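Structure first, then comments.
The values are calculated or read from the model by the stated rules, or taken from the named source; none is laboratory data. Predicted, not measured: the structure shown is a model, and the values here were computed from it. Positions of Cβ are generated from backbone atoms using ideal geometry, with glycine treated the same way; all protein chains shown enter the neighbour counts.
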Amino acid sequence: MLELDINFQRNEFELDIATTIGAGVTAIYGPSGSGKTSLLKAIAGLVPAQGQITFMGTTWLDTAQQIRAYQRPTYQRPIGLLFQDDRLFAHLNVLGNLNFAVKRAPRRKPEGERHPTKPISLEAVVEIFNLAMLLERSVTNLSGGERRRVAMAQTLLTQPQLLLLDEPLSGLDEARKREILPFLYALANEFAIPTLYVSHQLEEVSQLCQNMLVIDQGALRFHGTTHAGVNFVEAKLNNLMTTDLSFLTGTVIEKNDTYHLTTLDVAGQRVQIPQSQYRNLQTGDQVTLNIKPSDVALALAQPSGISIRNILQGVITNIAATERFTDITLTIGDQTLRSRITLAAANELKLVPGMTLYALLKSSGLS
Amino acid sequence: MELTAIWLTLKLASITTLILLVLGTPLAWWLAHSTNKLRPAVEALTAMPLVMPPTVIGFYLLLLFSPDNPIGQFWFQITGDTLTFSFSGLVVASLIYSLPFMVQPLMNTFAQVGKGPIEVAYTLGAKPWDAFCNVILPLSLRGYITASVLTFAHTIGEFGVVLMVGGNIPGETRLVSIAIYEEVETLNYAQAHLLSGILVAFSFIVLLLVYSTNRRAAMRVL
């Protein structure tokens, strides 16, 4: 769908990437300064790049042309770019900002086969992003979360065929993130628009994206499913880990509406999680769980008669002791889980690599 | 009263301001956003009229405008009039002399507005002209007001350049500042007082206007 073969240079920095990105939500993951935003801007046509970009059969960039390099102007590319810094127009109120996009949307011809879906209406985005009360407000006195919601709505109103989201959760505190995440999930998933999601947070990537690109120092290091990508980053690019969370991916096998629980198959073992508030999971859906090492307890034998519902069998692959804690890495099937326990507990259990253990996860702590 | 001189001065200042709004906008935009190596040189050239003695500018312009010079000759051929000692000559001279007063406030405004809004406008499907008129212009409005007022006022206050290039022809090149000079020369202090008083009051009102709307932009220039 989106074929890239681009080279971008600025001062000492060079970005060189060739890949083909498919439908769904694809993360562009990498540390700060790895070229993620540059890649996004090159796709949008906002920075000059060398090479080729083709979207649904239409050339957006071709600098190999004999006579004159071709670059499709940004305003002709059917993209919706959500900038990292909120960039609402200060001279217009909220409705004015939304209408700016509405007025110009019909001028852009859709690429490829004509989009079969209905255009996204102003009424629909006002409803989805809960903006009815804000329409007449000046954008200069909106809160950070409100600004993001207006920007997301504005992006959708351009009727984009490709969404480019540049770290949409950066600069927000935890409370704001929780407020915005459901809207972001709606933006990326409900409209079935192919999406590139730039982030340097594995937690976000694992929750919102099906596929991921890993970029480091301007080069593409990995492109595949998020599940494989997270494992790749853990195994090969440990310096890029921005979190001590573990990520377990599972498939939904059962839903229990009485207890509001969803059962997953994680590497052949069962894990129960509370039903998501903003995501209606169906049997067969893939889910990635973010697990804090401190939420994982360990047992030498399979325990019984306890409230914890999730007990996963695994093998110790690594033990790292710090001053106060011991971090145990377990392998569960093809996945990795970390547990943080106290030094005293580690000594008492006499843990050694290769040992088989039971990891205890509280269902209510899983998301 | 020197009504003709006052009218001519206002006409010159208005025409200069309007033309500079058109010419100064792209130049200021380029200076604010270009990464070209020539940018500092162009910026320095644009600011030259701020530091050069007006008589020096007037002297060079007089030479350029002379019908013996290709530029003066070209003008004479297409208009049938000379640039020296004519109103057209005064306009061209004022454009050069007042250029920094238009370009610098605009440049500061454009730099302050930054590239962000125009990038958003492009991604929302706006073409460059649309993006400029509906995003950059309204966001830069205060800068435009400052730049226009300063250019207008500065053109009214010209003396050295216009004396060198235009001389003192009533109804054609006799501006208020030149009229004052002549009244003083002929010891006609009452008239000189009146005209000077008008200019003093005008200057104060203009600066008051600028400082009360946009303090920072004005500070940069003055």
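So that you can scan it fast, the table gives a plain yes or no per residue for (1) in a loop (DSSP other than H, G, I, E, B); (2) in contact (Cβ under 8 Å) with a residue 40 or more places away in the chain:
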residue: A:250; (1), (2): no, no
residue: A:271; (1), (2): no, yes
residue: A:281; (1), (2): yes, no
residue: A:290; (1), (2): no, yes
residue: A:306; (1), (2): yes, yes
residue: A:339; (1), (2): no, yes
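Suppose we keep only residues that are surrounded by 20 or more Cβ atoms within 10 Å (Cβ to Cβ) and in contact with a Ser or Thr (Cβ under 9 Å, 6 or more places away or on another chain) within segment B:109-118. Which one would you say is nearest to the other protein chains (Cβ to nearest Cβ)?
The qualifying residue nearest to the other protein chains (Cβ to nearest Cβ) is B:109.
Of all residues in segment A:336-348, how many are of a type in the set (Asp, Glu) and surrounded by 12 or more Cβ atoms within 10 Å (Cβ to Cβ)?
The first filter runs over segment A:336-348 and keeps only residues of a type in the set (Asp, Glu), leaving A:348.
When the remaining residues are screened for being surrounded by 12 or more Cβ atoms within 10 Å (Cβ to Cβ), the result is none.
Qualifying residue count for the region: 0.
Taking the residues in segment A:8-36 that are surrounded by fewer than 17 Cβ atoms within 10 Å (Cβ to Cβ) and hydroxyl-bearing (Ser, Thr, Tyr) as candidates, determine which candidate is farthest from residue A:53 (Cα to Cα).
Filtering first and then ranking leaves A:32.
When the residues of segment A:14-55 are narrowed to those that are small (Gly, Ala, Ser) and in a strand (DSSP E or B), which ends up nearest to residue A:231 (Cα to Cα)?
A:27
Please give the number of the condition residue A:358 fails out of (1) part of a strand (DSSP E or B); (2) at pLDDT below 80.
If we test residue A:358 against (1) part of a strand (DSSP E or B); (2) at pLDDT below 80, just (2) comes out false.
Is it the case that residue B:125 is assigned to a loop (DSSP other than H, G, I, E, B) and within 14 Å of chain A (Cβ to nearest Cβ)?
The answer is yes for residue B:125.
Please enumerate the residues belonging to segment A:38-84 that are among the β-branched types (Val, Ile, Thr), within 14 Å of chain B (Cβ to nearest Cβ) and either surrounded by fewer than 21 Cβ atoms within 10 Å (Cβ to Cβ) or in contact with a His (Cβ under 9 Å, 6 or more places away or on another chain) (or both). Let's see the steps before the verdict.
First, pick out the residues of segment A:38-84 that are among the β-branched types (Val, Ile, Thr): A:43, A:47, A:53-54, A:58-59, A:63, A:67, A:74, A:79.
Right, trim to within 14 Å of chain B (Cβ to nearest Cβ) and you get A:43, A:47, A:74, A:79.
Residue satisfying the conditions is A:47 alone.
Is it the case that residue B:172 is away from chain A (no Cβ under 14 Å), in a helix (DSSP H, G or I), over 30 Å from residue A:40 (Cβ atoms) and over 17 Å from the mean Cα position of the chain (by Cα)?
Against the criterion (away from chain A (no Cβ under 14 Å), in a helix (DSSP H, G or I), over 30 Å from residue A:40 (Cβ atoms) and over 17 Å from the mean Cα position of the chain (by Cα)), residue B:172 does not qualify.
Restricted to segment A:304-335, and to residues that are among the β-branched types (Val, Ile, Thr) and under 16 Å from residue A:245 (Cβ atoms), which residue is surrounded by the most Cβ atoms within 10 Å (Cβ to Cβ)?
A:328
Give me the residue from segment B:66-98 that is crowded, with 24+ Cβ neighbours inside 10 Å and not polar (S, T, N, Q) and, out of that set, nearest to residue B:46 (Cα to Cα).
Ranking the qualifying residues of segment B:66-98, first place goes to B:97.
Scan segment B:177-199 and report the pairs whose first residue is free of Cβ contacts under 8 Å to residues at least 24 places away in the same chain and whose second residue is buried (at least 16 other Cβ atoms within 10 Å of the Cβ) and β-branched (Val, Ile, Thr), with Cβ atoms within less than 6 Å and a gap of 6+ or a chain change.
That search, which allows pairs on different chains as well, returns B:192/B:180; B:196/B:180.
Looking only at helices (runs of 4 or more DSSP H) that fall completely inside segment B:3-77, which ones have 2 or more residues that are among the hydroxyl-bearing types (Ser, Thr, Tyr)? Step through it out loud before you land on a result.
Values: elements: B:3-33, B:39-51, B:54-65.
Answer list for segment B:3-77: B:3-33, B:54-65.
If you scan segment A:85-123, which residues turn out to be more than 8 Å from chain B (Cβ to nearest Cβ), in a helix (DSSP H, G or I) and modelled with pLDDT of 80 or more?
A:94, A:95, A:96, A:97, A:98, A:99, A:102, A:103, A:122, A:123
Of the residues B:103, B:135, which is within 11 Å of chain A (Cβ to nearest Cβ), assigned to a helix (DSSP H, G or I), crowded, with 22+ Cβ neighbours inside 10 Å and not polar (S, T, N, Q)?
After applying the criteria, what remains is B:135.
Go over the candidates A:328, A:306, A:311, A:319 one by one and state the one that is under 24 Å from residue A:251 (Cβ atoms) and not assigned by TED's automatic domain parsing to the domain that holds residue A:233.
Matching residue, one of A:328, A:306, A:311, A:319: A:311.
Quick test of your reading of the structure: residue B:82 fulfils all but one of (1) more than 10 Å from chain A (Cβ to nearest Cβ); (2) in a helix (DSSP H, G or I). Name the failing condition by number.
(2)
Just the residues that are in a strand (DSSP E or B) and of a type in the set (Gly, Ala, Ser), please, taken from segment A:308-337.
Of everything in segment A:308-337, those that are in a strand (DSSP E or B) and of a type in the set (Gly, Ala, Ser) turn out to be A:314, A:320, A:321.
State the number of residues belonging to segment A:131-157 that are under 18 Å from residue A:179 (Cα atoms), part of a loop (DSSP other than H, G, I, E, B) and of a type in the set (A, V, I, L, M, F, W, C).
Number of matching residues: 5.
Within the group A:188, A:132, A:151, which residue is surrounded by 19 or more Cβ atoms within 10 Å (Cβ to Cβ) and within 15 Å of residue A:93 (Cβ to Cβ)? Let's see the steps before the verdict.
Numbers: A:188 fails: within 15 Å of residue A:93 (Cβ to Cβ); A:132 fails: surrounded by 19 or more Cβ atoms within 10 Å (Cβ to Cβ).
Selected residue: A:151, the only one of A:188, A:132, A:151 that is surrounded by 19 or more Cβ atoms within 10 Å (Cβ to Cβ) and within 15 Å of residue A:93 (Cβ to Cβ).
Of all residues in segment B:138-169, how many are within 14 Å of another protein chain (Cβ to nearest Cβ) and part of a helix (DSSP H, G or I)?
The qualifying residues number 6.
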